[in-house]
Each structure stands twice: as structure tokens, then as C-alpha cells.
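Accompanying notes for the structure given below.
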């Protein structure tokens, strides 16, 4: 009887963990990092007066709500980070609509 209760408790705990991760726990944290990095990079490269905080908030919301936007933001971040500021202007068309 004790073993069966222990298995049920472990199963319930695992279900809670899986539902948290499935609900975007890790994805939302990753989106926050990616968007903050992306928006700060845009500000540093192109417009020192750009509101990176507002950009990051908007980006996170969109990435959390849309897998397509999330993938585009990740691609944009990778492109921006893989290029110099000047090269990113011409090399990162995926960023259109994510950052100006």
C-alpha cells in the first residue's frame, strides 16, 4: 500500500512539472533572455535612444503567444549577434517587424 501511494505522489509531482514546462515555464524565460538581448543589441547598434525595455516586453509577449514569432525572434537574435552592427543592417532581413 505504501509503495502504491509513493508511486502516486511521484506521478502527481511529475505531472505538475511537465505541465509547468509545457505551459511555457522554460520557454518564457528563454524568450525573455532572447528578446532582451535582441532589443539591447538593436539599441546599441542603431539607435541609442531606442526604448529597449518596451521592445523587449513587446517581443516577449509576441514570442510567448506565437511560435512563428518566437522562431523569427530567435533567428533575428542569432543574425544580429553573428554580424557586426553595420553588417546586420544588410544581413538580417528576418528582423523586420521584430525591431524597426
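Quick one: which of 56, 66 is modelled with pLDDT of 90 or more and surrounded by fewer than 16 Cβ atoms within 10 Å (Cβ to Cβ)? After applying the criteria, what remains is 66.
Taking residue 79, is it loosely packed, with under 12 Cβ neighbours inside 10 Å, closer than 30 Å to residue 96 by Cα and either at pLDDT below 75 or under 19 Å from the mean Cα position of the chain (by Cα) (or both)? For residue 79, the condition - loosely packed, with under 12 Cβ neighbours inside 10 Å, closer than 30 Å to residue 96 by Cα and either at pLDDT below 75 or under 19 Å from the mean Cα position of the chain (by Cα) (or both) - is not met. For residue 20, the criteria (1) under 11 Å from the mean Cα position of the chain (by Cα); (2) modelled with pLDDT under 90 hold in every case but one, which is (1).
The values are calculated or read from the model by the stated rules, or taken from the named source; none is laboratory data. All values reported here derive from a predicted model rather than from experimental measurement. Positions of Cβ are generated from backbone atoms using ideal geometry, with glycine treated the same way; all protein chains shown enter the neighbour counts.
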